[in-house]
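Step one of this worksheet: look at the structure below.
The values are calculated or read from the model by the stated rules, or taken from the named source; none is laboratory data. None of these values were measured; they are calculated from a predicted model. We place every Cβ from the backbone using ideal geometry, glycine too, and count neighbours over all the protein chains shown.
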Amino acid sequence: MGHMTTYTGSCHCGGIAIRFDSGKQPGEMRVGRCGCSFCRRHGARTMGDPVGSIEFRCKPGSLSRYRFGLGITDYLLCATCGAYVGAVMDDEDGPIGIVNVNSLDIRDKFDPAPALHQYDGEDEARRRSRRRKFWMKATVIA
């Protein structure tokens, strides 16, 4: 693994600070769009780096966790400004997650309209298996 770069970001009001560490440059990162109604409503573009990590540091009272569908994932929103910043799922070796690249300071370096992926019909085992390939170690400090 090469040199890690820290990419920063936040929700709109700054209540949730984001630290994304990756050995990849923005052009090498695979950004996707999930076709579920939640992600489409938020215009989310999400990404993970399996050898990287993501940290969401939340000011008191600023974190709202939302669950739907299979109920295995916390979608992280700012309770003040409403921005969707990422998602975290408990896994065997600890939480893994993704970041909504729209919340990163380098958001404009990513594809504005990445491919739309449909995951409807996945059971929990398939969903966890897929996410382990693309998601990264995640920490939520709230």
## Note on the structure
Expected output for the range 31-59 (first residue farther than 18 Å from Arg131 by Cβ, partner at pLDDT 95 or above and assigned to a helix (DSSP H, G or I), Cβ below 8 Å, 6+ apart or cross-chain) is Gly43/Asn102
### Task
Answer yes or no: is there a residue in the range 107-121 that is in contact with a Ser or Thr (Cβ under 8 Å, 6 or more places away or on another chain) and over 22 Å from His3 (Cβ atoms).
no
### Task
Tell me which of these Ser129 doesn't satisfy, since it passes every other one: (1) in contact (Cβ under 8 Å) with a residue 60 or more places away in the chain; (2) among the polar types (S, T, N, Q); (3) over 21 Å from Gly14 (Cβ atoms).
(1)
### Message
Can you confirm whether Ala83 is at pLDDT 95 or above, among the hydrophobic types (A, V, I, L, M, F, W, C), buried (at least 16 other Cβ atoms within 10 Å of the Cβ) and in contact with a His (Cβ under 7 Å, 6 or more places away or on another chain)?
### Response
yes
### Query
Does Gly48 satisfy being on the phi < 0 side of the Ramachandran plot and surrounded by fewer than 19 Cβ atoms within 10 Å (Cβ to Cβ)?
no
### Summary
Scanning the range 67-80 for residues that are more than 13 Å from Ala142 (Cβ to Cβ) and in contact (Cβ under 8 Å) with a residue 24 or more places away in the chain, the one surrounded by the fewest Cβ atoms within 10 Å (Cβ to Cβ) turns out to be Phe68
### Query
How about the range 5-30: which of its residues are at pLDDT below 95, of a type outside the set (Lys, Arg) and assigned to a loop (DSSP other than H, G, I, E, B)?
Gln25, Met29
#### Entry: Residue, farthest from Cys11 (Cα to Cα), within the range 113-122, restricted to residues that are in contact (Cβ under 8 Å) with a residue 12 or more places away in the chain and surrounded by fewer than 11 Cβ atoms within 10 Å (Cβ to Cβ)
Asp120
#### Entry: Selection count, the range 86-110, where residues are surrounded by fewer than 16 Cβ atoms within 10 Å (Cβ to Cβ), under 16 Å from the mean Cα position of the chain (by Cα) and over 13 Å from Ile18 (Cβ atoms)
2
### Task
From the list Val51, Val88, pick out the single residue that is within 26 Å of Phe110 (Cα to Cα) and touching a Pro at 6+ places or on another chain (Cβ under 7 Å).
Val88
### Task
Kindly check whether there is at least one residue in the range 44-55 that is of a type outside the set (Lys, Arg) and more than 22 Å from Glu28 (Cβ to Cβ).
no
### Query
Of (1) within 16 Å of Met136 (Cβ to Cβ); (2) touching a Lys or Arg at 6+ places or on another chain (Cβ under 9 Å), Phe20 satisfies all except one. Which?
(2)
